[in-house]
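Everything on this sheet refers to the single structure shown next.
Every read-out reported here was derived from the displayed coordinates using simple, explicitly stated rules and does not represent laboratory data. Every value quoted in this text rests on a predicted model; they were computed, and no experiment measured them. When we count neighbours, we look across all protein chains shown, and the Cβ atoms used for this are built from the backbone with ideal geometry, even at glycine.
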Amino acid sequence: MSTDPVRVVQPCGVPTKRGTPCQSIGLAADQRCAQHSATFTDAQRSSWGLRGAVAANYSKLVKKETVLAVKAAQGLPAAAGVPDLSDTKACEAFLAETIAHVQNGTMPPSVARVVGELIGVRLKLVELSQAERLLLMEEEAE
């Protein structure tokens, strides 16, 4: 069993800029909140504010990227939901559409980057398929 005294949590109580007592919980050694306690320096308080701003801005950026991704998905060609990537010309056309979406702001560059990488993989598959056909044709000719 612990012999430590139970600490009563109380509001800070320091007058705020509005003149009302601070209602934040006083957890520092002097029973004041982090903003009013002499335990913490102005530099520490400033760094807390900067970290909070970074977190808030990151959250806004994630929301904005999500909205852009939804808009991009709505703006993509709706031909059965799957683009025609059957040959190099079709891949080139789809890539051109993707570039236009990025320029118009209806698709985030991160999505376009993934589309470009996937088109690259598809083109390599097309090349392999053509090489396979050539090999089969050569074997049949012999």
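Computed 3J(HN,Hα) for the stretch 96-105, one whole-Hz value per residue from the Karplus formula 6.51 cos²θ - 1.76 cosθ + 1.60 where θ = phi - 60°, is 4, 5, 4, 4, 4, 4, 5, 5, 7, x, glycine and proline marked x. For the stretch 42-141, the ratio of Cα radius of gyration to the globular rule of thumb 2.2 N^0.38 Å stands at 1.71. The residues Cys12, Cys91, when put in order of fewest to most other Cβ atoms within 10 Å, stand as Cys91, Cys12. Rounded to 0.05, the FRET efficiency of the Asn57 and Ala96 pair, given R0 = 22 Å and the Cβ-Cβ distance, is 0.10.
Relative to the Cα centre, the charge distribution of the stretch 42-141, modelled as +1 at Lys and Arg Cβ and -1 at Asp and Glu Cβ, gives a dipole magnitude of about 1060 debye.
Taking other Cβ atoms within 10 Å as a rough exposure proxy, Asp84, Asp30, Asp42 sort from fewest to most as Asp42, Asp30, Asp84.
Amide H to amide H, with H built 1.01 Å from N, Arg32 comes under 5 Å of Leu27, counting only residues 5 or more places away or on other chains. Straight-distance candidates among the lysines for linking to Lys124, with alpha-carbon spacing under 23 Å and chain neighbours fewer than 8 residues away dropped: Lys89.
Under 5 Å between amide hydrogens, built in the peptide plane, is the criterion, and for Ser24 it picks out Cys12, Gly13 among residues at least 5 positions away or on other chains.
Computed extension gain for Leu128 through Thr88, at 0.36 nm per residue and net of the alpha carbon distance, reaches 13.2 nm.
Phi angles of the stretch 124-134 translate, via the Karplus equation with coefficients 6.51, -1.76, 1.60 and θ = phi - 60°, into HN-Hα couplings of 5, 5, 4, 4, 5, 5, 5, 5, 4, 4, 4 Hz per residue; Gly and Pro are given as x. What is the local net charge at Ala34, summed over the other residues whose Cβ is closer than 14 Å to its Cβ (Lys, Arg +1; Asp, Glu -1)? Result for the neighbourhood of Ala34: +1.
Full extension of the chain segment joining Thr106 with Ser47 gains 17.7 nm, where the gain is 0.36 nm per residue of separation less the Cα-Cα distance. Net charge of the neighbourhood of Gln23, taken over other residues with C-beta under 15 Å away and scored Lys/Arg +1, Asp/Glu -1, is +3.
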